[in-house]
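Quick notes on the structure that follows.
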Amino acid sequence: MKTHRPLFLAVGICTRGRKAQLRHLLHALAQQSFPDIASYCLIIIDNNDAPTVTQADLGPMTAYPWHIVHQPTPGLVSARNTLLEKAEEIDVDWQIGLDDDVVLEADWLANFVALLSETTADIIVGATRYTYPPEAHPIASGNRVKPPVMGQPPKRKTTCNYAMARHVFDKDTGLGLRFDPYFNEMGGEDVDLMVRAKRIHDLDVIGDPRPAVSEPQTGKRATLRHRLHLSAEAQVTTFRIKQRHKEIGIGANRLPMWANVLLRTNRDFVYGLGDVAYGLCNLPFRRDLGWRHTGLGLLQLARCVGSFQYLKGHIPKLYGQ
């Protein structure tokens with residue numbers, strides 16, 4: 001979206017229970033190059049039960065206009081909608097959103113600014129890669145995320161590292177889109193919003209690999225058990241999104257939910273067994289390839305477990321995972 005005045009950009013971060021990671025991120029943000037073709041501000045949504053983020057936590061970022069908003073209602077949606085409301089209130093052109101535990105590439109902001117100054121897209125998803133410690137389980141560390149293809153719809157629709165134009169979220173002069181409270185704790189609110197943006201409003205949602213961040217997978221995140229748990233929970237969320245879209249009449253798939261679950265489960269089971277078998281056969285000769293395919297197969301089999309959890313009425317709680 002082009003404007004006649006310098007772009008006014010807000011970097012927005014929602015945080016809960018990660019004060020150390022937030023402070024590290026803010027200090028790293030201050031080291032970024034801030035191109036003078038835009039002006040900047042910082043928005044922090046403090047989603048802790050009681051206010052915990054103070055001006056002292058912002059470090060060098062106090063050189064720029066800043067806003068700390070306390071949102072006591074925990075949840076992905078309540079925090080991110082509060083962020084959009086604040087961005088609308090202060091009249092930004094673009095809201096750039098980050099998770100509070102990411103690590104910025106050195107040229108992250110410069111790449112985003114260059115992109116936003118010339119793009120005609122409405123929502124942009126940047127690249128996020130996972131990094132693992134040496135002690136991580138080889139199957140878990142083999143879970144690599146492919147970067148988005150420049151200008152193409154992103155396969156991984158995520159608000160870990162993204163930008164949204166004002167006309168998408170502004171209620172007075174734009175569409176006033178918000179994240180659906182249905183997904184407040186289970187996750188999937190980012191996928192849901194971007195799908196609604198495209199199917200209902202025909203907005204241009206694209207990926208771009210240049211504004212890149214990494215997300216450290218430490219502690220329990222580096223364990224095989226956690227990766228399998230997330231894979232099963234993500235499958236449940238995928239079906240919850242499909243169900244929700246059918247309820248509001250935007251589901252592209254006309255099959256009943258039970259048929260969707262059956263087809264997806266059969267595919268995951270067959271491909272999962274195939275990948276595990278291929279991986280185990282390669283382990284003695286090509287360990288990296290063997291672990292990677294074994295891991296992919298186990299993750300697909302975990303999704304089969306998620307399918308049955310969905311049929312049993314399970315609702316994931318991924319907030320904070």
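Derivation of every value follows stated rules applied to the coordinates shown; laboratory data play no part. Bear in mind that the values here come from a model prediction, so they are computed numbers and not experimental data. Quick reminder, even Gly has a Cβ in these numbers, built from the backbone with ideal geometry, and neighbours come from all protein chains shown.
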Open item on the list: Give the lysines reachable from LYS312 as a straight Cα distance under 24 Å; neighbours fewer than 8 places away on the same chain don't count.
Closed with: LYS242, LYS246
Open item on the list: I'd like the orientation of helix 257-282 relative to the chain: the angle between its Cα long axis and the longest Cα principal axis, in ° from 0 to 90, rounded to 10.
Closed with: 70 degrees
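By average Cβ neighbour count within 10 Å, what is the ranking of 121-133, 170-182 from highest down? Walk me through the intermediate numbers first.
Values: 121-133: 20.1, 170-182: 15.5.
Result, highest mean Cβ count within 10 Å first: 121-133, 170-182.
Sorting MET61, MET150, MET164, MET194 on the 10 Å Cβ count, fewest up front, what's the list? Spell out each step's value before the answer.
Values: MET61 20, MET150 11, MET164 26, MET194 23.
Listing MET61, MET150, MET164, MET194 from fewest to most nearby Cβ atoms yields MET150, MET61, MET194, MET164.
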Task: Cβ-derived FRET efficiency at R0 30 Å, GLN152 paired with PHE269, nearest 0.05 - done: 0.50
Open item on the list: At a 10 angstrom cut-off on C-beta neighbours, averaged per residue, how do the peptides 106-112, 47-53 rank from highest to lowest?
Closed with: 106-112, 47-53
Open item on the list: Suppose we look only past 27 Å in the calculated P(r) of the chain. What percent of the Cα-Cα pairs does that tail hold?
Closed with: 46 percent
Task: Cβ-placed point charges (K, R +1; D, E -1), dipole of segment 1-87 about Cα centre in debye, nearest 20 - done: 160 debye
Task: Pairwise label distance in nanometres, THR52 with GLN31, each label 7 Å out on the Cα-Cβ vector - done: 2.4 nm
- [ ] Let me know the charge dipole size of the chain about its Cα centre in debye, to the nearest 20, where only the beta-carbon of Lys, Arg (+1) and Asp, Glu (-1) is charged.
- [x] 1460 debye
Task: Burial ordering of LEU224, LEU203, fewest other beta-carbon atoms within 10 Å first - done: LEU224, LEU203
Task: Mean Cα-pair separation over length for the chain, i.e. relative contact order, pairs under 8 Å, 6 or more apart, % - done: 18 percent
Open item on the list: To the nearest 20 Debye, how big is the dipole of segment 223-262 about its Cα centre, given +1 on the beta carbon of each Lys and Arg and -1 on that of each Asp and Glu?
Closed with: 40 debye
Open item on the list: If you take every DSSP beta bridge fully contained in the chain, what fraction is antiparallel? Give it as a percent rounded to 5.
Closed with: 25 percent
